[in-house]
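K.L.:
Take this structure first; my questions come after.
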Amino acid sequence: MLRPLGNINKMDPAELKMLKKRTDIATVVVLCAVAILLLRLWYLQIQQGGEYMQLSESNRIRVQQLAAPRGNLLDRHGEIIVTNRPRFNVIWIREDAPHPDEVIKRLARILDLDISELLDRIRAGAEQPRFIPTRLKEDIDWRTLVRIENNSFNLPGVQIEVQPSRDYLYGNMASHLVGYLGEINRQELAERPGEGYRSGDLIGKMGIEKLFEPYLRGEKGRSYVEVDVRGFAQKQLQVQEPLPGNDIQLTLDVEIQQVAEKTLEGQAGAVVVMEVDSGRLLALASAPHLPLDQFVDRIPLPVWRGLLDDQRAPLLNKPVQGQYAPGSIYKIITALAGLEEGVITPETTYYCSGSIVFGGRRYHCWNRNGHGHVNLKQAMTVSCDVYFYQLGQRLGVDTLARYARILGLGSKTGIVLEHEKEGLVPTAAWKLQRHREPWQDGETLSLAIGQGFNLVTPLQVARMTAAVATGGRLYRPKLIAAIRDPEGNVIQEFAPELESDTSTVKKRTWSLLQEAMEAAVAGERATGRSARIEDIRVAGKTGTAQVVRLSHFEHLEDDDEIPYQFRDHAWFTAYAPADKPEVVVTVLVEHGGGGGLVAAPMAKTVLEAYFRQAAQKQEGDAAPSPGGSGSP
């Protein structure tokens, strides 16, 4: 039987009160939840709306950095030595690669690389944000570029980067001073915070490229590109073009540099060509050269090992980093000291029988038959060792050291190149401190002819020769003529710097020394006669620096039988014209043999090129301009 409906309203008041309380709580909870949602919506849409709009735009717009073209390197006449060319690199953006394993397999086949090599490069950039590109391969050829572009839909995250690359218009010419670029490493990044570098950028690693990096690098540009969810470009929105770097104009002369390097072909050594009265360097050649074309990307390990193992030391910049015994060119110092100290006059003679006995030991002349009675000019002409043995013994080690330093030996020249060596000018105090032994008088004899502890660089010898030619003016060697902006305007110009003018040395002394050096080329039995040039007076000095004592190889009839590393170094240094000096040429050939036979002819070739160019310029200046003499 059904219960009457009226019983529904007859509920217990306590139950009604509990039901009402629950309803109120539920209502409050719902209202609170709605309020929280409304507050969150207000916060996201109103308070943070701008920021999230920007993030949304950032996901849609890809900002790409555009590498700036580096400044050019020019010679003294404005001839471009190093410039830029476009190169195409393959880059990887992890953010745009949903299935990286498949993409890497496809890309490895196209690039003809092992998958492990690609993975190594990807891991190297793993610490970077996902949107920062990682460079997988540099400087791909046109065929590879086309294959990647044709397969771009199947290679999400893979893009082509166009980057300026160095173009060496004269091959490996002046490789040691030009230097090279390399990918910036972690240490270099840490040392340059806030300078705009990032992983993968190229930076100067050596030479002018390194020393003038702030001037050459330029300023990066930016490209704003709209991309889809797969990272493919849809539309170019905006481009901020990069600013090219400044040009560096060198003092080098391309023609003279090429001739200097050609004379060193197949040899190890250096050639320095310097303007006498300014210190400007027209050529600074070091052999063997560096393979700059292989330094553009990562240096292949076999190439690097080959450079390290080569006994000719191609990594050494010989003009400024090579330190050698000067041999007989040091006789210039001994003669200067002897004249200035009054130990000898131009007429003073010593007798050379082919050797001299001093301290119970026999010291030989290079001419075992002897030169007889010789004065200063004759001794310089035939490079008589016995004459300078006796002169050096009367002067002493410390007097010789003082005059060596007057002519710039034993200290850095101040050239703008890294790791310059200072050579060594020994003294009695130096030996006592270094070797804990007193100086022996017999050591002074060897010192006087450029052997013993003496060490010089080819650049020091060139500067010394220029100082003799100018009567004592010692200039700081100049390698940079000017810095120019991309439009060619001069930003900074570098004038000659006179470091010292040895006014303490009498003019008469310089004149006598200059006459003796001219006789060393022009004299009847001159050791430097191979450097003679028709109608041009040349003054110079040969040198043959022993690496080991001759007694070790006296039994060998031919120099070729002596192991390469034990052969003598060949020196020749000269200036011309002798009556009005313009240019100095210094040649060093490592383990080349006699200076007069090997180095002097090489210097002659360089001098002839210099004067041939000067004559052509003079003829060009004298030629009438086409169209008459009136203004256009």
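Throughout, read-outs are computed from the coordinates displayed, never taken from laboratory work. Keep in mind it's a predicted model, so treat the numbers as computed, not measured. Reconstructed Cβ throughout: ideal geometry from the backbone, glycine too, with neighbour counts over all protein chains shown.
K.L.:
Between the alpha-carbon centers of the stretch 312-367 and the stretch 390-442, tell me the distance in whole angstrom.
P.N.:
13
K.L.:
Order these by the 10 Å Cβ neighbour count, fewest first: Thr427, Thr349.
P.N.:
Least crowded to most crowded, the residues run Thr349, Thr427.
K.L.:
Give the long-range amide H neighbours of Gly423: residues separated by 5 or more places, or on another chain, with amide H under 5 Å away, using H modelled in the peptide plane at 1.01 Å from N.
P.N.:
Residues meeting the criterion, in which the H sits 1.01 Å from N, do not exist here.
K.L.:
With a 10 Å Cβ neighbour count serving as the proxy for reagent exposure, in which order, fewest first, do Trp42, Trp142, Trp439 appear?
P.N.:
With the fewest neighbours first, Trp42, Trp142, Trp439 line up as Trp142, Trp42, Trp439.
K.L.:
Once all Cα-Cα distances of the stretch 420-572 are split into 10 Å bins that start at 0, what whole-number percent is in each one?
P.N.:
8, 23, 32, 23, 10, 3, 0
K.L.:
With label points built 7 Å along Cα→Cβ from the Cα atoms of Trp142 and Tyr564, find their separation and express it in nm.
P.N.:
According to this spin-label approximation, the distance is 4.0 nm.
K.L.:
While we're on this one: When ranked by the protection proxy of mean other Cβ atoms within 10 Å per residue, highest first, what sequence do the peptides 306-314, 467-475 form?
P.N.:
So the peptides 306-314, 467-475, ranked by packing, come out 467-475, 306-314.
K.L.:
Please give the contour-minus-distance gain from Arg305 to Val239: 0.36 nm per residue of separation, less the Cα-Cα distance, rounded to one decimal in nm.
P.N.:
The span from Arg305 to Val239 would gain 19.4 nm if fully extended.
K.L.:
Okay, moving on. Loop only by DSSP, 12 or fewer other Cβ within 10 Å of the Cβ. Give me the GluC sites (Glu not before Pro) in the stretch 56-124 that pass, ordered by residue number.
P.N.:
Within the stretch 56-124, no GluC sites (Glu not before Pro) qualify (loop, at most 12 other Cβ atoms within 10 Å).
K.L.:
While we're looking at this one, here's another question. So for the chain, taking the charge dipole from beta-carbon charges (+1 Lys/Arg, -1 Asp/Glu), which of Ala574, Ala190, Val587 sits furthest toward the positive end?
P.N.:
Result: Ala190, furthest along the dipole toward the positive end.
K.L.:
Can you tell me, using C-alpha contacts under 8 Å and at least 6 residues apart, the relative contact order of the chain as a whole percent?
P.N.:
13
K.L.:
Continuing with this model, one more query. Return the long-range amide H neighbours of Leu282 (sequence gap of 5 or more, or a different chain), with a cut-off of under 5 Å between placed amide H atoms.
P.N.:
Counting only residues 5 or more places away or on other chains, the set is Val273, Met274, Glu275.
K.L.:
Now for a separate question. Pop the C-beta distance of Tyr224 and Glu149 into the FRET formula with R0 = 25 Å and round what comes out to the nearest 0.05.
P.N.:
E between Tyr224 and Glu149, to the nearest 0.05, is 0.70.
K.L.:
Still on this structure, please answer the following. Tabulate in residue order the Karplus-calculated ³J(HN,Hα) for the stretch 367-377, using 6.51 cos²θ - 1.76 cosθ + 1.60 with θ = phi - 60°, rounded to whole Hz; enter x for Gly and Pro.
P.N.:
So the J values, rounded to whole Hz, are 9, 5, 7, x, 10, x, 7, 9, 9, 4, 4.
K.L.:
Given the peptides 428-435, 381-388, arrange them by the average over their residues of other C-beta atoms within 10 Å, most packed first.
P.N.:
381-388, 428-435
K.L.:
Work the Kirkwood hydrodynamic radius out for the stretch 288-364: mean of 1/r over every pair of different alpha-carbon atoms, inverted, in Å.
P.N.:
Computed over the stretch 288-364, the radius equals 17.5 Å.
K.L.:
How much net charge surrounds Thr23 when only other residues with a Cβ under 14 Å from its Cβ are counted (Lys, Arg +1; Asp, Glu -1)?
P.N.:
+2
K.L.:
Tell me which residues come under 5 Å, amide H to amide H, from Phe358 once H is placed; ignore anything under 5 positions away on its chain.
P.N.:
Answer set, sorted by chain and number: Tyr363.
K.L.:
Over the C-alpha atoms of the stretch 309-421, what are the Rg and the largest Cα-to-Cα span, Dmax, in Å?
P.N.:
When restricted to the Cα atoms of the stretch 309-421, Rg and Dmax are 17.0, 52 Å.
K.L.:
Let me have the relative contact order for the stretch 386-544, percent, based on Cα pairs under 8 Å that are six or more residues apart.
P.N.:
RCO, the stretch 386-544: 17 percent.
K.L.:
List the lysines whose alpha-carbon lies under 19 Å from that of Lys377, not counting same-chain residues fewer than 8 positions away?
P.N.:
Straight-distance partners of Lys377: Lys331, Lys506, Lys507, Lys541.
K.L.:
Let me ask something else. Ranked from highest to lowest mean number of other Cβ atoms within 10 Å per residue, what is the order of the peptides 187-196, 600-609, 567-576, 105-114?
P.N.:
Output ranking for 187-196, 600-609, 567-576, 105-114: 567-576, 600-609, 105-114, 187-196.
K.L.:
Using the Karplus curve 6.51 cos²θ - 1.76 cosθ + 1.60 with θ = phi - 60°, what ³J(HN,Hα) values do you get for each residue of the stretch 505-518, in whole Hz, with x for Gly and Pro?
P.N.:
Result, rounded to whole Hz: 8, 5, 4, 4, 4, 4, 4, 5, 5, 5, 5, 5, 5, 5.
K.L.:
Compute the Rg/Rh shape ratio of the stretch 460-534: radius of gyration over Kirkwood radius, all on alpha-carbon atoms.
P.N.:
Result for the stretch 460-534 is an Rg/Rh of 1.18.
K.L.:
Can I ask one more? For Lys105, list the lysines whose Cα falls under 16 Å from its own Cα; do not include residues on the same chain fewer than 8 positions away.
P.N.:
Those lysines meeting the cut-off are Lys137.
K.L.:
In whole Hz, with x marking every Gly and Pro, tabulate ³J(HN,Hα) for the stretch 351-361 from phi via Karplus 6.51 cos²θ - 1.76 cosθ + 1.60, θ = phi - 60°.
P.N.:
9, 10, 9, x, 6, 9, 9, 9, x, x, 10
K.L.:
Could you compute the FRET efficiency for His77 and Leu113, with r as their C-beta to C-beta distance and R0 at 56 Å, rounded to 0.05?
P.N.:
For R0 = 56 Å, the calculated efficiency reads 0.80.
K.L.:
Would you kindly calculate the translational diffusion coefficient of the stretch 402-483, applying Stokes-Einstein with the Kirkwood radius from alpha carbon pairs, for 4 °C and a viscosity of 1.567 mPa s, and quote it in µm² s⁻¹ without decimals?
P.N.:
Stokes-Einstein gives a translational diffusion coefficient of 91 µm²/s.
K.L.:
Based on Cα coordinates alone, diagonalise the gyration tensor for the chain, multiply each eigenvalue by 5, take square roots, and list the semi-axes in whole Å, largest first.
P.N.:
75, 28, 24
K.L.:
Would you calculate, for the chain, the mean residue ellipticity at 222 nm contributed by helices, counting each DSSP H stretch of 4 or more residues as -39,500 (n - 2.57) and dividing by all residues, to the nearest 500?
P.N.:
-10500 deg cm²/dmol
K.L.:
Cα centroids of the stretch 151-177 and the stretch 556-616: how far apart, whole angstrom?
P.N.:
A separation of 40 Å, based on Cα centres.
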